[in-house]
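Following: one structure in structure tokens, then a few remarks.
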Amino acid sequence: MQEYKMKRLEKIKEGFIYFKHLTYILILLLTFFAISVIGYIIIEGYNFLDAFYMTVISITTAGYQEVHPLSDTGRLFTSFVLITNIGLFFYGATQVVAHVIEGEFRKFYKNYNVEKLISKLESHVIVCGYGRTGKQVCLELRADGIPYLVIENRENVIEHIKKDNVLFINENATEEEALIKARIKNARAFVTTLPNDPDNVYVILTAREINPKIYIISRASSENSESKLKRAGANNVIMPEKIGGAHMAALVSKPDILEFVAKLTGQGSDINLTFEEISLNNISENYKNKSIKDLDFRNKTGANVVGLRLPDGDYIINPSPDTLINPDTKLVLLGSDEQIKQMRKLISEL
């Protein structure tokens with residue numbers, strides 16, 4: 001943690017170096033102006049106002065007449081003021097133009113805004129890696145309105161992230177400081193889709209150590225890695241190739257069922273139906289240990305209870321109306337957005 005704070009401070013210092021260039025130029029110009037005023041006071045015996053005026057018309061090369069005729073020393077000093085002023089002007093202009101042309105200001109403000117957005121993230125999902133799997137995860141999260149953040153450090157991939165307008169940090173996901181910067185302690189879930197299973201194992205171990213309660217999902221490239229990833233702390237392990245193969249086989253053997261499920265989950269369909277899970281932790285004592293029939297969810301909201309997740313993690317699929325539920329149970333619902341909204345409102349009032 002201390003090392004992360006030190007590196008963060010270093011990055012903040014690097015960010016303000018661009019403003020330091022302008023500050024140095026401004027200080028240099030003001031110092032030279034003061035020296036010029038003092039020089040005229042000492043050399044020509046001017047009062048402050050005359051010396052100030054003479055310095056202004058010299059530095060701006062306005063060409064007005066001198067306050068008083070200059071001595072030979074005064075002329076030499078004025079020549080020095082003019083030459084030095086021209087040099088400082090071109091130096092300052094070069095520095096400013098360089099920073100503007102190179103986009104340093106824009107880069108600094110963009111990084112500042114990104115860090116500001118990240119600092120406000122709560123209950124978000126951290127996605128490690130923006131390959132084909134990671135990108136698809138982000139698309140689904142965006143469609144569901146779930147905030148997410150990507151950790152990626154491959155330059156060729158970062159270009160695609162920028163084009164997709166995805167919030168990301170350019171860090172190595174295997175580094176602890178990258179996970180801290182991504183606010184893993186405030187995240188709701190952690191998804192690692194790195195191409196190498198050993199990297200996924202290491203990232204999971206680090207994530208679980210920082211936030212023991214976070215929900216972790218990992219990609220696996222081989223079946224042999226599945227048990228290792230789970231031992232490392234992954235709640236679920238997904239093999240994209242295996243799922244993809246099973247899906248294609250099911251399209252051959254059960255095409256209608258698969259199409260029906262796809263429509264229910266909103267894939268390539270305009271049907272306004274969705275699955276949702278709702279906890280019953282906050283229901284009052286009067287409604288505890290009631291049956292699904294007693295609570296009458298279907299008639300009150302239109303949403304269907306298609307499953308129950310029990311406290312021990314088991315599921316009851318298509319429960320009967322007489323099934324009793326308790327506060328530690330989660331409802332798995334099927335309904336439209338409006339029906340789910342009504343269901344949430346009803347649960348909050350129970």
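The values are calculated or read from the model by the stated rules, or taken from the named source; none is laboratory data. If you're wondering where the values come from, they're calculated on a predicted model, not measured in any experiment. Counting neighbours? That spans all protein chains shown, and the Cβs are built from the backbone with ideal geometry, glycine included.
Answer yes or no: is there a residue in the range 200-223 that is more than 29 Å from residue 113 (Cβ to Cβ), modelled with pLDDT under 90 and in a helix (DSSP H, G or I). Scanning the range 200-223, I find at least one residue that is more than 29 Å from residue 113 (Cβ to Cβ), modelled with pLDDT under 90 and in a helix (DSSP H, G or I), so the answer is yes. Just to be sure before I move on: is residue 174 touching a Cys at 6+ places or on another chain (Cβ under 8 Å) and among the hydroxyl-bearing types (Ser, Thr, Tyr) in the structure I sent? Here the answer is no, as residue 174 does not meet what is asked.
The strands (runs of 3 or more DSSP E) found wholly in the range 298-350 and carrying at least 2 residues that are β-branched (Val, Ile, Thr) and touching a residue at least 12 places away in the same chain (Cβ under 8 Å) occupy 304-309. So which of 251, 258, 229 is part of a helix (DSSP H, G or I), farther than 22 Å from residue 306 by Cβ and out of contact with any strand residue (DSSP E or B) (no Cβ under 9 Å at 6 or more places or on another chain)? That would be 251, the only listed residue that is part of a helix (DSSP H, G or I), farther than 22 Å from residue 306 by Cβ and out of contact with any strand residue (DSSP E or B) (no Cβ under 9 Å at 6 or more places or on another chain). Scanning the range 156-187 for residues that are out of contact with any helix residue (DSSP H, G or I) (no Cβ under 8 Å at 6 or more places or on another chain), buried (at least 16 other Cβ atoms within 10 Å of the Cβ) and touching a residue at least 40 places away in the same chain (Cβ under 8 Å) returns a single hit, 187. If you go through the range 184-216 and pick out every residue that is of a type outside the set (Phe, Trp, Tyr) and over 19 Å from the mean Cα position of the chain (by Cα), you end up with 14.
Screening residue 123 against (1) surrounded by 11 or more Cβ atoms within 10 Å (Cβ to Cβ); (2) polar (S, T, N, Q); (3) modelled with pLDDT of 85 or more leaves a single unmet condition, (1). In the condition set (1) assigned to a loop (DSSP other than H, G, I, E, B); (2) modelled with pLDDT of 90 or more, residue 145 is compliant with all but (2).
Every residue, every condition in (1) out of contact with any helix residue (DSSP H, G or I) (no Cβ under 9 Å at 6 or more places or on another chain); (2) at pLDDT below 80; (3) part of a loop (DSSP other than H, G, I, E, B), yes or no:
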{"residue": "23", "(1), (2), (3)": "yes, yes, no"}
{"residue": "36", "(1), (2), (3)": "no, no, no"}
{"residue": "40", "(1), (2), (3)": "no, no, no"}
{"residue": "57", "(1), (2), (3)": "yes, no, no"}
{"residue": "63", "(1), (2), (3)": "no, yes, yes"}
{"residue": "68", "(1), (2), (3)": "no, yes, yes"}
